[in-house]
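Asker: Once you've had a glance at the structure underneath, I'll fire off some questions.
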Amino acid sequence: GVAQDVTESTQNDRAVATIANELRQFIDKANAPIFGIDIHGNVNEWNDRTAEITGFNSDEAMGKPLVSTFIVPKLRSSVQNVLDLALQGNESSNYELEFTTKGNEIRYLLVNASTRRDAENNVVGVVGVAQDVTESSKNDRAVAAM
């Protein structure tokens, strides 16, 4: 018979699994809204802060088309354009978008859209890391209306 020592391989697998688990916890528990889409535009990332801000939990968001489900109608084409560019590797930063919440309110988010790639460098989606600027945005709009 042939024997092979797989100790090092098993240790590497455990290390990778540990890192992946730590990254998952980091994303889920981050104080910033983090959400992502696959190449078809369907939600595949929705952290706890995004759920808190929008009122939609992860189960309700996952697999849904991000733009047509969660973005206000007037911004859908421009948001789709930003996502399409990111899917081509052209990332955007400080892009303001308006999310519709479960309670039909609007949350203003300042988003950095980053291309997500697999181990072979193929584009597999987009991840957005955001900042909720709803309060400052409301104040800016109130001042502008004066």
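The values are calculated or read from the model by the stated rules, or taken from the named source; none is laboratory data. Every value quoted in this text rests on a predicted model; they were computed, and no experiment measured them. Quick reminder, even Gly has a Cβ in these numbers, built from the backbone with ideal geometry, and neighbours come from all protein chains shown. Accessible surface is based on the protein model in full, side chains and every heavy atom, while ligands, DNA and RNA are left aside. Shrake-Rupley method; radii C 1.70, N 1.55, O 1.52, S 1.80 Å.
Asker: First compute the accessible area of the chain with a 1.4 Å probe, then give the percent of it belonging to carbon and sulfur atoms. Walk me through the numbers on the way to the answer.
Answerer: Working: 4470 of 9040 Å².
Here it works out to 49 percent.
Asker: Using each residue's phi in the stretch 33-42, evaluate 6.51 cos²θ - 1.76 cosθ + 1.60 at θ = phi - 60° and report the 3J(HN,Hα) Karplus result to the nearest Hz, with x for Gly and Pro.
Answerer: Taking θ as phi minus 60°, the curve returns x, 10, 9, x, 10, 8, 5, 9, x, 8 Hz for the stretch 33-42.
Asker: Leaving ligands, DNA and RNA out of it, rank D59, D48 by accessible area with a 1.4 Å probe, largest first.
Answerer: Working: D59 135, D48 70 Å².
The ordering from most to least exposed comes out as D59, D48.
Asker: Between I106 and Q80, what length comes free when the chain is fully extended (0.36 nm per residue of separation minus the Cα-Cα distance, one decimal in nm)?
Answerer: Details: separation 26, 0.36 × 26 = 9.36 nm, distance 1.80 nm.
Fully extending the segment from I106 to Q80 adds 7.6 nm.
Asker: Here's something else I'd like to know. Where only protein heavy atoms count, and the probe is 1.4 Å, what is the accessible area per residue for the chain in Å²? Kindly include the intermediate steps, with their values, before the conclusion.
Answerer: Working: 9040 Å² over 146 residues.
Dividing the accessible area of the chain by its residue count gives 62 Å².
Asker: Summing -39500 (n - 2.57) over the DSSP H runs of n ≥ 4 in the chain and dividing by its residue number, what mean residue ellipticity at 222 nm do you reach, to the nearest 500 deg cm²/dmol? Walk me through the numbers on the way to the answer.
Answerer: Values: 6 runs with 63 residues, N = 146.
Result for the chain, helices only: -13000 deg cm²/dmol.
Asker: Next question, about the same structure. Which far-off residues, 5 or more places away or on another chain, put their amide H under 5 Å from the one on W46, with H placed in the peptide plane?
Answerer: So W46 has HN proximity to G36.
Asker: Compute the distance in nm between two label points, each set 7 Å from the Cα along the Cα-to-Cβ direction, one at T69 and one at E52.
Answerer: 2.2 nm
Asker: Kindly write out, for the stretch 73-88 in residue order, the coupling ³J(HN,Hα) from the Karplus curve 6.51 cos²θ - 1.76 cosθ + 1.60 (θ = phi - 60°), rounded to whole Hz, with x marking Gly and Pro.
Answerer: Whole-Hz 3J(HN,Hα) from phi for the stretch 73-88: x, 5, 9, 4, 5, 5, 5, 4, 4, 4, 5, 4, 4, 5, 5, 9.
Asker: I need the Kirkwood Rh of the stretch 76-145: take the reciprocal of the average 1/r across all distinct C-alpha pairs and report it in angstrom. Write down the numbers at each step before the final one.
Answerer: Numbers: mean 1/r = 0.0751 Å⁻¹.
Evaluated over the stretch 76-145, this radius sits at 13.3 Å.
Asker: Sticking with this structure for a sec: Report, by chain and number, residues whose modeled amide H sits under 5 Å from the one on F56, excluding near sequence neighbours (fewer than 5 apart, same chain).
Answerer: It is K102, by chain and number.
Asker: Can you give me the long-range amide H partners of I71? Hydrogens built in the peptide plane at 1.01 Å from N, cutoff under 5 Å, separation of 5 or more residues or another chain.
Answerer: Answer set, sorted by chain and number: T100.
Asker: Take the stretch 23-146, drop everything but the C-alpha atoms, weight them equally and run the Debye formula without solvent; then report log10 I(q)/I(0) at 0.15, 0.18, 0.23 Å⁻¹ to two decimals.
Answerer: Ignoring solvent entirely, the Cα scatterers give -0.65, -0.93, -1.50.
Asker: While we're on this one: Estimate the FRET efficiency between I19 and A145 by the formula 1/(1 + (r/R0)^6), using the beta-carbon distance for r and 35 Å for R0, to the nearest 0.05.
Answerer: Details: r = 49 Å, r/R0 = 1.40.
Using R0 = 35 Å, I get an efficiency of 0.10.
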